[in-house]
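The values are calculated or read from the model by the stated rules, or taken from the named source; none is laboratory data. What you see is a predicted model; the values in this text were computed from it and never measured. All Cβ positions, glycine included, derive from the backbone under ideal geometry; neighbour counts span all protein chains shown.
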Amino acid sequence: MSESVDTGILPDQKEPDLSYRDRFPLLALIIQRLLLSVALLFAVSVLIFGGVEALPGDFASTYLGQSATPQAVANIRKDLGLDRPVVTRYFEWLGNAVQSDFGTSWASRNSVSEQIGKRLGNSLFLAFCAAMISVPLAVGLGMLAVHFRNRIPDKIINVLSLAAISLPEFFIGYLLILFFAVKFGMATFPATVYDSMTFVERLKAVALPVATLVLVVLAHMMRMTRAAILSVMSSAYMETAELKGLGAFRAIVRHAAPNAVAPIINVVALNLAYLVVGVVVVEVVFVYPGMGQYMVDAVTVRDMPVVQACGLIFAAVYILLNMLADILAIVANPRLRHPR
Amino acid sequence: MSNETKYLAGRVTAGGMSRREFMGRAMAAGLTLTVASQLFTESAAAQEPKRGGHLKLGLEGGAATDSKDPAKFLSQFMFVVGRCWGDMLVESDPHTGAPVPALAESWEPSADAATWTFTIRKGVQFHDGKELTVDDVVATLKRHTDEKSESGALGVLKSIKDIKTDGDKLVLTLNEGNADMPLLLSDYHLIIQPNGGVDDPGASIGTGPYKMASFEPGVRATFEKNPNDWRSDRGYVDSIEIIGMNDATARIAALSSGQVHYINRVDPKTVDLLKRAPTVEILNTSGRGHYVFIMHCDTAPFDNNDLRLALKYAMDRETMVQRILGGYGKVGNDFPINETYALFPEGIEQRTYDPDKAAFHYKKSGHSGSVLLRTSEVAFPGGVDAAVLYQESCKKAGINIEVKREPGDGYWTNVWNAKPFCTSYWGGRPTQDQMYSTAYLSTADWNDTRFKRPEFDKLLYEARSELDEAKRKDMYREMAMMVRDEGGLILPMFNDFVNAASKNVKGYVHDIGNDMSNGYVATRVWLES
């Protein structure tokens, strides 16, 4: 991410006939990034396909497991065309995928797109709820910690958030379940969501997993906010702000924060991506029907179309969020907004 | 009281049987009118089932990849789902394992047991209002026996040569005599569907006590009572909700917080903790599933029967049951059959841990050096611990076992049925014949001990078509002795099915057929308020 920020900073480059690239650096960057993303997605699809192929056991034998008869295995293989060479199968899949046809799941024979639609919706809902709480909370706590740096509130914030991140997420999940669902009976468990639920019921159902995720991602973002703002605080213009009589909190919000925003955005983007793609454990613990669980199920039986589609979506989420972080960093940085 | 009358009395207690039906069947089982009448009154007073309520189950085993087509049912989750909405032709008695009528009212074998005629029950309606006919039955069986079928029941049905109707009766012609044919039709894949489910295999329309209301693979399935159910002795709750919970701790938390009424697969390691919860009851049922250490009889060094015997005597079975199963299991005797099977050969001497005998046979075998045992956590829960325990008990007999831990991924392809000595598990089969045919017949694909004995095969085929039960039992004893004393199977333990329910769940039937009351849990229990 940072290397493209650097290529954008070329203040001495003042050629008379400006190329398209120089006149619209932001646009050029976005286009360049988008093209690169497509190439990356191709590479990811090859990697996943190769990876699943390399796993011991193919779909037919793993799916039927110990209850497979040779006849049933042969039938499935033939039916799905697994008897054909790997390369043929890959390009066939690719051909359909670029026409946005992800095919049907080998195991359940349901449309992959339809299945993923539901699961992705669930995952995004969970991630969105967690982000809505954790991002403002983390940035706010970070600023608070800076304001009271090296005093009691700063230390409390640090210790608590570090304690939360140090515990494995499933353990936090179990603790929350033990206290809020089993002992006090306040929260809904399991957090299974389904179609006929109302929005309020859904919010209630995700309360515990969201709380777990918030605790897990909070520390990372909070510490980065604190560190970034502290480094800006030691610069000359902050001294000026203080000398001209600005209150400490106002100085942080108005002067320090915008300059510190780039690294914070990057960390936030990383954590958001994690909230979407990295929460398998939380999904399992809370019995939440999200993408992670779906992909794990599919890998277990080598259900290639599903694994591919999930892998691509995960990769796309990562790439997109990282690109967004870069762009926002550039927009937030005044020097990059006016490259000439 | 015979097993049969005990079962009948149980059904009355469970509220599942009218006086008339009970009297008829009890007297057929040999009871006098007075005794039967008295038994009915006593049993009926014992417990009156309550109707109504919403039953919630939290089950392990569901996956996003689950198919709604009964032919492709694999998981424990779908096993229970299928039992809610569908019926087989035949069911198995929960206590004796004998075949009992379901959609087939009665059946009659030919003298050589190669032709079976089934009378199909009349007046049964599918959920869509269609009447069940013999044609639906034929279409269902044809779909499952089709060579191109991917049905999980293809294996048990491959001996069927011809399926046809005779008026409104079903006639099955087999390649060879098979006295167990009715029991084979109780396989959970063989749900009778309208027109065999050919038009829409995943429609989930059957004749069962519940209609499917919603289904999300691996997540949740809901059911509503079928008002036109043809049986009154089941389907007590109004609605059922089955939630997929693959995390053991999540299941326990859900049960102890009262969010679900019943969970399956309680980990033996935590069962004692769960027992302490005041609202929870542990339900453990003897099962046919067993954990095994298997040697290839045709591969050196295991082609030496003395080495095999040494390794059998070096197994400390009691310790295995205590440590690996937490006491929830029974010791095994090196043949894959236990008392839950019909025609179980009683009185075979129990093999026990005997380091001296093991050392004797080991010395006689002339083997030297260590013996390589492959294992994995996927072989069975605690598979690695069991291998290490075994290593210890072998050491006392002077046998050196080298334990190699294999990756779980691909264990069933690369290690099981491929390497000469490894740990594994077997689920039960409906009959002794099925168990032996699947894994101990010379030509079986899954003969994972490479046990190839022509005289064993001959006995197996003879027993299969023998309609005289006493003769058949003797044959099964002889076969058990062969496997026990000459086979490559070390069978330390049969594992119990350990489930748990909240205490207001009543009427749970401990069914020897399979886990979770043979899948019928949701249709057999009721909720006490």
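Evaluate the following for B:S437: is it among the hydroxyl-bearing types (S, T, Y) and under 30 Å from A:V182 (Cα atoms)?
no
Name the helices (runs of 4 or more DSSP H) wholly within segment A:180-291 that hold at least 2 residues that are aliphatic (A, V, I, L, M) and in contact with an Asp or Glu (Cβ under 6 Å, 6 or more places away or on another chain)?
A:280-286
Which one is nearest to B:M78 (Cα to Cα), of the residues in segment A:110-122 that are within 13 Å of chain B (Cβ to nearest Cβ) and of a type in the set (G, A, S)?
By that ranking, first place goes to A:S111.
When you check B:Y425 against the structure, is it over 29 Å from B:K364 (Cα atoms), within 14 Å of chain A (Cβ to nearest Cβ) and crowded, with 17+ Cβ neighbours inside 10 Å, yes or no?
no
Could you give me the residue pairs with C-beta distances under 8 Å whose first residue belongs to segment A:26-53 and is under 22 Å from A:M304 (Cα atoms), whose second residue is surrounded by fewer than 13 Cβ atoms within 10 Å (Cβ to Cβ) wherever it lies, and which are 6+ apart or on separate chains?
A:F49/A:V86; A:E53/A:V86
Restricting the first residue to segment A:78-102 and requiring it to be farther than 16 Å from A:C310 by Cα, which pairs with a second residue that is loosely packed, with under 13 Cβ neighbours inside 10 Å meet a Cβ separation below 7 Å and a spacing of at least six or different chains?
Between residues of segment A:78-102 that are farther than 16 Å from A:C310 by Cα and residues that are loosely packed, with under 13 Cβ neighbours inside 10 Å, the close pairs are A:R89/A:G81.
Condition check: at pLDDT 90 or above and buried (at least 20 other Cβ atoms within 10 Å of the Cβ). Does A:V214 satisfy that?
In short, yes.
For every residue, the table says whether it meets (1) within 11 Å of chain B (Cβ to nearest Cβ); (2) surrounded by fewer than 23 Cβ atoms within 10 Å (Cβ to Cβ); (3) modelled with pLDDT of 85 or more.
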position: A:V268; (1), (2), (3): no, no, yes
position: A:E283; (1), (2), (3): yes, no, yes
position: A:G290; (1), (2), (3): yes, no, yes
position: A:Q293; (1), (2), (3): yes, no, no
position: A:V301; (1), (2), (3): yes, no, no
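Given the condition over 23 Å from the mean Cα position of the chain (by Cα), within 14 Å of another protein chain (Cβ to nearest Cβ) and aliphatic (A, V, I, L, M), answer yes or no: does some residue in segment A:89-109 qualify?
yes
List the helices (runs of 4 or more DSSP H) that sit entirely inside segment B:82-199 and contain at least 2 residues that are under 28 Å from A:A74 (Cα atoms) and away from every other protein chain (no Cβ under 14 Å).
Those helices (runs of 4 or more DSSP H) span B:134-145, B:181-184.
Starting from segment B:252-273, keep only residues that are away from every other protein chain (no Cβ under 12 Å), then list their pairs with residues that are charged (D, E, K, R) and outside any loop (DSSP other than H, G, I, E, B) whose Cβ atoms are within a distance under 6 Å, requiring at least 6 positions of separation or different chains.
B:H261/B:K56
Filter segment B:53-72 for residues that are part of a loop (DSSP other than H, G, I, E, B) and in contact with an Asp or Glu (Cβ under 8 Å, 6 or more places away or on another chain) and give the result.
Within segment B:53-72, B:G53, B:A63, B:A64, B:T65 qualify.
Out of segment A:69-90, which residues are of a type outside the set (D, E) and not in a helix (DSSP H, G or I)?
Those that are of a type outside the set (D, E) and not in a helix (DSSP H, G or I): A:T69, A:G81, A:L82, A:R84, A:P85.
Which number in (1) within 30 Å of A:F189 (Cβ to Cβ); (2) over 17 Å from the mean Cα position of the chain (by Cα) marks the one condition that A:A248 misses?
A:A248 satisfies all of (1) within 30 Å of A:F189 (Cβ to Cβ); (2) over 17 Å from the mean Cα position of the chain (by Cα) except (1).
Check B:F456, B:F451 and return the single one that is assigned to a loop (DSSP other than H, G, I, E, B) and outside the structural domain of B:P227 (by TED's automatic domain parsing).
Of B:F456, B:F451, the one residue that is assigned to a loop (DSSP other than H, G, I, E, B) and outside the structural domain of B:P227 (by TED's automatic domain parsing) is B:F451.
Looking at B:Y353, B:Y390, which one is aromatic (F, W, Y) and surrounded by fewer than 21 Cβ atoms within 10 Å (Cβ to Cβ)?
Result of the check over B:Y353, B:Y390: B:Y353.
Only one residue in B:E478, B:E469, B:E462, B:E486 is surrounded by fewer than 18 Cβ atoms within 10 Å (Cβ to Cβ) and over 24 Å from B:M181 (Cα atoms). Which one?
Unique residue meeting the criteria: B:E486.
Determine whether segment B:249-266 contains at least one residue that is within 26 Å of B:A63 (Cα to Cα) and basic (K, R).
Checking segment B:249-266: at least one residue is within 26 Å of B:A63 (Cα to Cα) and basic (K, R).
With B:F215, B:F223 as the choices, which residue is within 11 Å of chain A (Cβ to nearest Cβ), out of contact with any Pro (no Cβ under 8 Å at 6 or more places or on another chain) and under 28 Å from B:A102 (Cα atoms)?
B:F215
Please find, within segment A:175-225, the residue that is farthest from the other protein chains (Cβ to nearest Cβ) out of those that are under 28 Å from A:A269 (Cα atoms) and in contact with a Lys or Arg (Cβ under 8 Å, 6 or more places away or on another chain).
If we take residues in segment A:175-225 being under 28 Å from A:A269 (Cα atoms) and in contact with a Lys or Arg (Cβ under 8 Å, 6 or more places away or on another chain), then A:V193 is farthest from the other protein chains (Cβ to nearest Cβ).
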